[in-house]
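Enquirer: One structure follows; several queries about it will come next.
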Amino acid sequence: MTKFLLAVHVLAAIVAIGPVTVAASMFPPAARRALAAPDDPRATETVRLLHRICRVYAGIGIAVPVFGFFTASAMGVMGDTWLIVSIALTVLAALVLVVLVLPGQEPLVEGEGTREATVRLAMFTGVFNLLWATVTVLMIIRPGSTTGA
């Protein structure tokens with residue numbers, strides 16, 4: 001059962017978090033293009049699509065920590081430091097996404113905002129991506145791993 005839970009956890013991370021990180025990273029430059037050419041429907045639609053991807057996959061991403069908790073419980077590592085740090089970083093990443101990234105995208109989706117707003121959004125997105133990269137590394141090289149790697 002542990003291997004099944006781990007597989008679902010990893011697949012959920014790939015399928016849900018991957019698209020959010022990519023779409024959120026693509027959003028600021030796309031928003032700059034849309035701001036520079038407000039009459040270009042293609043640029044505007046790209047911004048809307050990237051925002052929709054971020055919102056939808058952020059919701060689907062809830063499955064990642066849910067299956068992570070089940071997996072950690074089955075593996076008996078709930079009290080391990082690397083897991084506690086990973087949980088804290090995951091919560092922080094989720095907060096950055098929900099409080100800074102998604103709301104920062106909304107005015108730009110509406111055609112409002114400035115180039116400075118896209119720069120700030122790019123910074124928040126970078127922080128979000130860095131947090132997820134750190135969690136991923138902790139999950140792979142977790143201290144005390146029994147894989148021998």
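The values are calculated or read from the model by the stated rules, or taken from the named source; none is laboratory data. Keep in mind that this is a model prediction, so the values were computed, not measured. In this analysis, Cβ positions are derived from the backbone assuming ideal geometry, glycine residues included, and neighbour counts consider all displayed protein chains. The protein model used for the area step is the full one, side chains on, heavy atoms only, and it has no ligands, DNA or RNA in it. Shrake-Rupley method; radii C 1.70, N 1.55, O 1.52, S 1.80 Å.
Enquirer: What are the pairs with Cβ atoms under 9 angstrom where one residue, in segment 39-60, is closer than 14 Å to S25 by Cβ and polar (S, T, N, Q) and the other, located anywhere, is outside any helix (DSSP H, G or I) and open to solvent by less than 70 Å² (accessible area, probe 1.4 Å)? Sequence gap at least six, or different chains.
Expert: Hits for this filter: zero, empty list.
Enquirer: For segment 121-142, indicate whether the set of residues that are in a helix (DSSP H, G or I), of a type outside the set (S, T, N, Q) and in contact with a Lys or Arg (Cβ under 6 Å, 6 or more places away or on another chain) is non-empty. Show your work before the answer.
Expert: Here is the first cut: in segment 121-142, the ones in a helix (DSSP H, G or I) are 121-140.
Then drop every residue that is not of a type outside the set (S, T, N, Q), which leaves 121-124, 126-128, 130-133, 135, 137-140.
Still in the list and also in contact with a Lys or Arg (Cβ under 6 Å, 6 or more places away or on another chain): none.
Taking every residue of segment 121-142 in turn, none turns out to be in a helix (DSSP H, G or I), of a type outside the set (S, T, N, Q) and in contact with a Lys or Arg (Cβ under 6 Å, 6 or more places away or on another chain).
Enquirer: Has segment 77-94 got at least one residue that is open to solvent by 40 Å² or more (accessible area, probe 1.4 Å), in contact with a Phe, Trp or Tyr (Cβ under 9 Å, 6 or more places away or on another chain) and among the β-branched types (V, I, T)?
Expert: yes
Enquirer: Then there's this: Give the residues of segment 108-119 that are more than 18 Å from R42 (Cβ to Cβ) and either open to solvent by 50 Å² or more (accessible area, probe 1.4 Å) or within 17 Å of the chain's Cα centre (by Cα) (or both), sorted by residue number.
Expert: The answer is E112, T114, R115, E116, V119.
Enquirer: What is the residue count in segment 97-106 for residues that are more than 12 Å from C54 (Cβ to Cβ) and open to solvent by less than 60 Å² (accessible area, probe 1.4 Å)?
Expert: Counting residues in segment 97-106 that are more than 12 Å from C54 (Cβ to Cβ) and open to solvent by less than 60 Å² (accessible area, probe 1.4 Å) gives 0.
Enquirer: Follow-up. Tell me the residue from A13, A24 that is open to solvent by less than 30 Å² (accessible area, probe 1.4 Å), in contact (Cβ under 8 Å) with a residue 24 or more places away in the chain and within 18 Å of V135 (Cβ to Cβ), please.
Expert: On the way: A13 fails: open to solvent by less than 30 Å² (accessible area, probe 1.4 Å).
When all the criteria are applied, what remains is A24.
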